[in-house]
Structure formats: C-alpha cells, structure tokens
Amino acid sequence: MENFVDEKSVVRKIWGRSDTILFIFAGAAAEFALNKAVDWLYFTGKLPADPIGRLFSTVGYARQIIFADKDAAHAAIDKMNTIHQAVEKGRGAQIPEWAYRDVLFMLIYYSVASFELLERKLTDREKEEVLQVFLKVGERMQVKDLPVNYSAWQQMHAAQLEDDLQRSRYTDDLFKQYKKHLGIFRYFVLKEVQSLLAPHTVKRLLSLNGGYVVKPILPLYRFCRKIQCAQPIQDLLMPSAYKHQLKQLNYNTATYAGSIL
C-alpha cells in the first residue's frame with residue numbers, strides 16, 4: 001500500500017524520536033498560548049485541564065498520519081475534521097480558516113527547528129520535503145491559501161507571526177497550567193527550550209530570554225543520543241505517569257504498524 005509519507009523521508013526521522021517530538025511541542029506550547037484563536041482550546045477545557053495529556057493526544061494523531069499508509073492517514077485527518085466540526089457545532093461558530101493554517105505552520109517550523117537543534121542542519125530539499133508533507137495534510141483538511149513552496153511559506157509564516165499572535169489572559173493562564181502540571185524544574189526546562197526554539201516574535205511577546213542553561217549542555221546530550229543512553233535524561237523531563245507514553249514515541253516499525261487507527 002502507498003505510504004502517506006515516504007519511508008525514506010526526513011519527516012519520518014524527525015517524528016520518529018521522542019525527544020525531537022517533545023521539543024516540537026515545547027515550542028508549539030509557547031506559540032499556541034499566543035494565538036488569537038486560543039480561546040477555542042478553552043471551549044472544551046481539555047487543554048488547560050491536562051496540557052500533557054493533550055500533547056500526547058495531538059502527537060498520536062500526527063503520528064497516525066506520518067507513519068500510516070495513505071488511506072489510514074486520510075481517515076485520521078477526516079476524523080480530526082469531524083471532531084473540529086463537533087466543537088464548532090457546540091459553540092455555534094466556526095474555527096477561523098487562518099487558525100488551521102497557523103497550526104500547520106507551527107508543525108512545519110518546529111519540526112525543522114527542533115531537528116536542527118538536536119541533530120543537524122536540514123538541506124533546502126529536506127525543508128521543502130517537510131513543507132510538502134504538511135501541505136498534504138492541509139489540503140486534505142481543505143485549508144485554503146496554502147504556500148506553494150518553502151520560500152513562499154517563509155514569507156507567509158513571518159506575516160502570520162505578526163498578524164495572529166497576541167498575549168492575552170489565556171496566554172498567562174496556559175503558562176500557569178504548564179507550571180502546575182510540570183512542576184518547577186520541568187517548567188524551567190520548558191521555558192529554556194522555548195527560548196532556544198521560538199521565533200523572535202514569540203520570544204518578544206513572552207519575554208523569553210533564557211536558554212543559557214540548556215544550550216551549553218546540548219552537545220553532551222547529542223552525544224548521549226548517539227550512544228543510546230539519553231533515555232534517563234528524557235525521563236527527568238516528563239512526569240512519571242507519562243514515561244511509558246514517552247518511550248512509545250520512539251518509532252519502531254514492528255510495534256507501531258498495528259497501532260494505526
């Protein structure tokens with residue numbers, strides 16, 4: 001069967017390691033909190049009530065898409081659309097078109113930024129590859145006005161950061177929830193990682209100026225990854241209740257194939 005994402009794609013490599021995924025969502029957690037449509041996440045109450053559980057739920061959908069065959073990936077995307085439609089019906093309003101596009105842009109940006117921070121610089125071809133995978137997701141979701149290539153995306157992304165982000169009461173409340181559910185140490189690490197990953201606009205709005213503690217130890221962590229002894233460090237970054245789910249984020253063809261939908 002045809003895969004939604006080619007087996008040799010760098011996207012599978014990016015989304016096949018638990019620490020890279022955690023970095024992607026650490027960065028996205030900052031930008032989510034600033035998005036002008038963040039009130040939609042408060043309508044159901046799921047994100048503020050359990051931000052870590054919501055992370056794993058979102059990762060689950062993303063991985064169902066990235067590591068699935070084409071039909072299963074389309075089914076996962078269609079299921080997301082159905083969930084969104086139910087939320088819209090419950091609220092009696094429509095999620096803004098640009099909000100869907102913003103989420104796709106976040107996944108593109110933080111996929112590239114997280115991989116480059118933890119592993120190596122991506123080539124222009126690989127960045128284009130990342131973009132095209134998430135454009136396929138957007139097209140299936142019927143998101144309009146998507147960029148045609150990586151250069152066009154960069155321009156649209158810069159404009160989106162200026163137009164669609166603002167600090168609000170939801171922003172401050174979400175960060176309170178992050179701190180509550182992570183604890184002081186993990187919350188500190190979260191903000192350090194966000195300081196290293198986030199675009200300038202996000203860092204300015206959130207007054208993120210850290211990264212000075214985590215950045216010097218990244219070379220050591222990269223070495224630990226290479227010799228496959230980084231798991232204890234990863235375990236420190238996640239509450240014990242989620243450690244099993246964290247380990248499951250490391251892609252394994254044999255064990256993951258049966259978990260799609």
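The values are calculated or read from the model by the stated rules, or taken from the named source; none is laboratory data. Computed from a predicted structure; not experimentally measured. Cβ atoms come from the backbone with ideal geometry, glycine included; neighbour counts cover every protein chain shown.
Of the residues making up the stretch 190-230, those that are among the aromatic types (F, W, Y) and surrounded by fewer than 14 Cβ atoms within 10 Å (Cβ to Cβ) are Y212, F223. Of all residues in the stretch 73-89, those being closer than 23 Å to I14 by Cβ and either aliphatic (A, V, I, L, M) or in contact with a strand residue (DSSP E or B) (Cβ under 7 Å, 6 or more places away or on another chain) (or both) number 5. Summed over the stretch 210-220, residues that are more than 21 Å from the chain's Cα centre (by Cα) and either over 23 Å from A29 (Cα atoms) or not aliphatic (A, V, I, L, M) (or both) total 4. Contact list please: Cβ distance under 9 Å, first residue in the stretch 43-55 and in contact (Cβ under 8 Å) with a residue 24 or more places away in the chain, second residue of a type in the set (A, V, I, L, M, F, W, C) and surrounded by fewer than 14 Cβ atoms within 10 Å (Cβ to Cβ), pairs at least six apart or on different chains. Taking only residues 6 or more apart or on different chains, the pairs are I52/A241. If you filter the stretch 90-145 down to residues that are in a helix (DSSP H, G or I) and free of Cβ contacts under 8 Å to residues at least 12 places away in the same chain, you find that the one that is surrounded by the fewest Cβ atoms within 10 Å (Cβ to Cβ) is R125.
Looking at the stretch 89-129, which of the residues that are hydroxyl-bearing (S, T, Y) and within 16 Å of D164 (Cα to Cα) is modelled with the lowest pLDDT? Across the stretch 89-129, the extreme among qualifying residues is Y100.
Exactly one residue out of A86, A37, A30 is surrounded by 22 or more Cβ atoms within 10 Å (Cβ to Cβ) and either of a type in the set (A, V, I, L, M, F, W, C) or under 23 Å from E162 (Cβ atoms) (or both), and it is A30. Would you check which residues across the stretch 146-183 are farther than 26 Å from I65 by Cα, touching a helix residue (DSSP H, G or I) at 6+ places or on another chain (Cβ under 7 Å), loosely packed, with under 13 Cβ neighbours inside 10 Å and without any contact (Cβ under 8 Å) to a residue 40 or more places away in the chain and list them? E162 - this is the single residue of the stretch 146-183 that is farther than 26 Å from I65 by Cα, touching a helix residue (DSSP H, G or I) at 6+ places or on another chain (Cβ under 7 Å), loosely packed, with under 13 Cβ neighbours inside 10 Å and without any contact (Cβ under 8 Å) to a residue 40 or more places away in the chain. At least 2 residues being touching a strand residue (DSSP E or B) at 6+ places or on another chain (Cβ under 8 Å) is the threshold, and among the helices (runs of 4 or more DSSP H) wholly inside the stretch 4-72 those reaching it are 18-34.
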